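Novice: After the structure tokens below, expect a handful of questions from me.
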Protein chains: 2
Amino acid sequence: MIKIALIGSGNVAQHLISAFNENAETQIVQVFSRSPFAFDNIPVVHDFNELAEADLYIIAVSDDAIVGISEQLPFEKRLVVHTSGSVPIEVLSSKNRKGVFYPLQTFTKNKKVDFKSIPICLESESKSDLDLLQKVAGSISDQTFKISSEQRKSLHVSAVFVNNFVNHLYKIGNDICAENKVPFDILKPLIRETADKILTLSPNEAQTGPAKRNDNQTIQRHLDFLSDETQKNIYKLLTQSIQNGKDL
Amino acid sequence: MIKIALIGSGNVAQHLISAFNENAETQIVQVFSRSPFAFDNIPVVHDFNELAEADLYIIAVSDDAIVGISEQLPFEKRLVVHTSGSVPIEVLSSKNRKGVFYPLQTFTKNKKVDFKSIPICLESESKSDLDLLQKVAGSISDQTFKISSEQRKSLHVSAVFVNNFVNHLYKIGNDICAENKVPFDILKPLIRETADKILTLSPNEAQTGPAKRNDNQTIQRHLDFLSDETQKNIYKLLTQSIQNGKDL
């Protein structure tokens, strides 16, 4: 049984706690939380000095708070990892063994996710620590990857495009529908199919639409239709980018 | 049994033929195709003068070709519809009764779609024609909507954002991964979850990421990381748009 102490009680922390709690290979021995927190019968501490002995300390807090916490930990030479996509491994305090345990998914409060299909990106300073991280990650997910800090940074930037920015395009679609009194629900099957398509086709093969086929008449009609300047600019820039697209 | 003649043999036409072919309420009596075409035992004609009597003529061809075909039809006062998202109903020749039958989905060659969940947007000049179109659409789909040409235009523009542009953001994510030798597959569960999320949350509620939380440090790190000017500009513009986002 691998003993884990979880530092943090936010969104990612909660999803991790419930995933680890459901399997027999790992045990959450403690949760550290600044604010009041309760989860089943897991002991919660509010002072770093009360942290118990564990095989792995997972810091699951906001990016800004990681460095400070790693420096405040009152012990040495133990394995301490963070869960961030964009923070390099080196920023962790050198008094402990450093690592990264980054589950690449968008976590929504109160919406359970199936951890089995969530890729977990791992990084460590030694082979033995990587083995431990792989065992821990493998206990909750079928997809574990050894990823360097530089690669992780590229994944995080990509994730902003395919998640944050994609969601913003959904919002623009929603706004246009609302302005024209059309139910946004009509677009949901299309949104679903667009995401499903690239499970089997490359994004390049899946590309369709007026920009792809250089249908300048339709493009012009769409630009005339849009009244919001920002929407117009996004339409123009993405259309140009599709038209100039290099194939990798 | 409602008799349908299908004019066109491209992607949308083929998906419609196979959907109509599977139900008992409609019958494809003929397909008009300029090029050689075969589908089960459906009669194919290559000359407009050979078009048989039908309750409904569906023109499923590229946007540019719709007007010309509607004018060449050698009969009058029959119900003739097109399947385009962006072409107004008025452009159809006035010698026949006009209508629109627009299935809002992205159709991929050789990838079967479940027509039951595809919204079909209908428009006509009379109540009785709308009744017929609703019967025909209802025979293949559970979702039929009465949508005006102006509303349909707004849907089509929205669809460009949530389908064409979203797919292009997938491509950028794919390009960034390829440049950094990270498998794009790691991002697929995130892509899937991003699309699934807005089935239950509004895009506004679902928005996360550095732009949403005004995390300017991460935004700057991402911009420093990106070397491609177009990618940088898209990142900046979409970030600004999220930060200025008005809530509807």
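Novice: Using the structure shown, decide if A:SER93 is part of a loop (DSSP other than H, G, I, E, B), of a type outside the set (A, V, I, L, M), more than 28 Å from B:THR208 (Cα to Cα) and touching a strand residue (DSSP E or B) at 6+ places or on another chain (Cβ under 9 Å).
Specialist: Here the answer is yes, as A:SER93 does meet what is asked.
Novice: Any chance you could count how many residues in segment A:209-230 are buried (at least 18 other Cβ atoms within 10 Å of the Cβ) and under 16 Å from B:VAL162 (Cβ atoms)?
Specialist: Here the count works out to 6.
Novice: Sticking with this one: How about segment A:34-52: which of its residues are farther than 24 Å from A:VAL113 by Cβ and open to solvent by 70 Å² or more (accessible area, probe 1.4 Å)?
Specialist: Within segment A:34-52, A:ARG34, A:PRO36, A:HIS46, A:ASN49, A:GLU50 meet the criteria.
Novice: To continue, here is another question. Working only within segment A:1-33, note down all residues that are of a type in the set (Gly, Ala, Ser), open to solvent by 10 Å² or more (accessible area, probe 1.4 Å) and in a helix (DSSP H, G or I).
Specialist: Once the filter is applied, which keeps residues that are of a type in the set (Gly, Ala, Ser), open to solvent by 10 Å² or more (accessible area, probe 1.4 Å) and in a helix (DSSP H, G or I), segment A:1-33 yields A:SER18, A:ALA19.
Novice: With respect to the numbered conditions (1) part of a helix (DSSP H, G or I); (2) facing chain A (nearest Cβ under 7 Å), which one is the sole condition not fulfilled by B:THR208?
Specialist: Exception for B:THR208: condition (1).
Novice: With the checklist (1) open to solvent by 20 Å² or more (accessible area, probe 1.4 Å); (2) part of a strand (DSSP E or B) in hand, flag the one item A:ASN110 doesn't pass.
Specialist: Going through (1) open to solvent by 20 Å² or more (accessible area, probe 1.4 Å); (2) part of a strand (DSSP E or B) one by one, A:ASN110 breaks only (2).
Novice: Turning to a different aspect of this structure: Hey, can you tell me all the residues within segment B:113-128 that are among the aliphatic types (A, V, I, L, M) and part of a loop (DSSP other than H, G, I, E, B)?
Specialist: If the condition is that a residue be among the aliphatic types (A, V, I, L, M) and part of a loop (DSSP other than H, G, I, E, B), then B:VAL113, B:ILE118 are the ones that fit.
Novice: Given the conditions (1) more than 7 Å from chain B (Cβ to nearest Cβ); (2) without any contact (Cβ under 8 Å) to a residue 40 or more places away in the chain; (3) touching a Lys or Arg at 6+ places or on another chain (Cβ under 9 Å), report the number of the one that A:ILE242 does not fulfil.
Specialist: With (1) more than 7 Å from chain B (Cβ to nearest Cβ); (2) without any contact (Cβ under 8 Å) to a residue 40 or more places away in the chain; (3) touching a Lys or Arg at 6+ places or on another chain (Cβ under 9 Å) applied to A:ILE242, the lone miss is (1).
Novice: Criterion first (surrounded by 12 or more Cβ atoms within 10 Å (Cβ to Cβ) and either among the acidic types (Asp, Glu) or in contact with a Ser or Thr (Cβ under 8 Å, 6 or more places away or on another chain) (or both)) does A:GLY99 satisfy it?
Specialist: On the way: surrounded by 12 or more Cβ atoms within 10 Å (Cβ to Cβ): yes; either among the acidic types (Asp, Glu) or in contact with a Ser or Thr (Cβ under 8 Å, 6 or more places away or on another chain) (or both): yes.
When the stated conditions are applied, A:GLY99 passes them.
Novice: Right, next: For the condition assigned to a helix (DSSP H, G or I), open to solvent by 20 Å² or more (accessible area, probe 1.4 Å), out of contact with any Pro (no Cβ under 7 Å at 6 or more places or on another chain) and within 10 Å of chain B (Cβ to nearest Cβ), what is the one hit in A:ASP185, A:ASP175, A:ASP131?
Specialist: Among A:ASP185, A:ASP175, A:ASP131, only A:ASP185 is assigned to a helix (DSSP H, G or I), open to solvent by 20 Å² or more (accessible area, probe 1.4 Å), out of contact with any Pro (no Cβ under 7 Å at 6 or more places or on another chain) and within 10 Å of chain B (Cβ to nearest Cβ).
The values are calculated or read from the model by the stated rules, or taken from the named source; none is laboratory data. Just so we're clear, the structure is a prediction, and the values are computed from it rather than from any experiment. So basically every Cβ, Gly included, is an ideal-geometry build from the backbone, and we count neighbours across all protein chains shown. Only protein heavy atoms, including side chains, enter the accessible area calculation; ligands, DNA and RNA are left aside. Shrake-Rupley method; radii C 1.70, N 1.55, O 1.52, S 1.80 Å.
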